[in-house]
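Read the structure below first, then the notes.
The values are calculated or read from the model by the stated rules, or taken from the named source; none is laboratory data. Quick caveat, the model's predicted, so the values are computed rather than measured. In this analysis, Cβ positions are derived from the backbone assuming ideal geometry, glycine residues included, and neighbour counts consider all displayed protein chains.
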Amino acid sequence: MNESFGEYIKRLRTNKGFTLTQLAAKLGIDSANLSKIENGKREFDEKRLNKLAKTFSLNIEELKEEFFSEKIAKKIYETNCSVKTLILAEEKVKYMKAKNIKQGNLNF
């Protein structure tokens, strides 16, 4: 996706013909906060991902991928991390998954 998560939400909203107020009501937030989210001045609340997915008939797993990939990318950009950081992070995820499977706990 070559847009921020907020820009993505704005595109979804405008394509459906929703006003800021209409979408904000569906998500349980006020329109001023939604405007800030769309303009990158505030982050979208993870707890509202399911509402967003239902409102636009989106696959929740794909929506989570978009949401979390932006959070990770922002952190890497802000801290000027190297590519090695990404490689190590991927290795740590594999370790956590393997550890959870060994313990019979599949929580991720």
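Within segment 55-67, being at pLDDT 95 or above and surrounded by 12 or more Cβ atoms within 10 Å (Cβ to Cβ) holds for T55, F56, L58, I60, L63, K64, F67.
Results for (1) without any contact (Cβ under 8 Å) to a residue 12 or more places away in the chain; (2) surrounded by fewer than 15 Cβ atoms within 10 Å (Cβ to Cβ); (3) polar (S, T, N, Q), shown as yes or no for each residue.
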| site | (1), (2), (3) |
| --- | --- |
| K10 | no, no, no |
| G17 | yes, yes, no |
| S35 | no, no, yes |
| G40 | no, yes, no |
| L52 | no, no, no |
| Y77 | yes, yes, no |
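Each residue in segment 19-46 was checked for being farther than 15 Å from F5 by Cα and not aliphatic (A, V, I, L, M), and 7 of them qualify. When segment 60-80 is examined, which residues are found to be touching a helix residue (DSSP H, G or I) at 6+ places or on another chain (Cβ under 7 Å) and not charged (D, E, K, R)? Answer for segment 60-80, where residues must be touching a helix residue (DSSP H, G or I) at 6+ places or on another chain (Cβ under 7 Å) and not charged (D, E, K, R): I60, L63, F67, I76. Total residues in segment 54-70 satisfying the condition of being in contact with a Lys or Arg (Cβ under 9 Å, 6 or more places away or on another chain) and not hydrophobic (A, V, I, L, M, F, W, C): the figure is 2.
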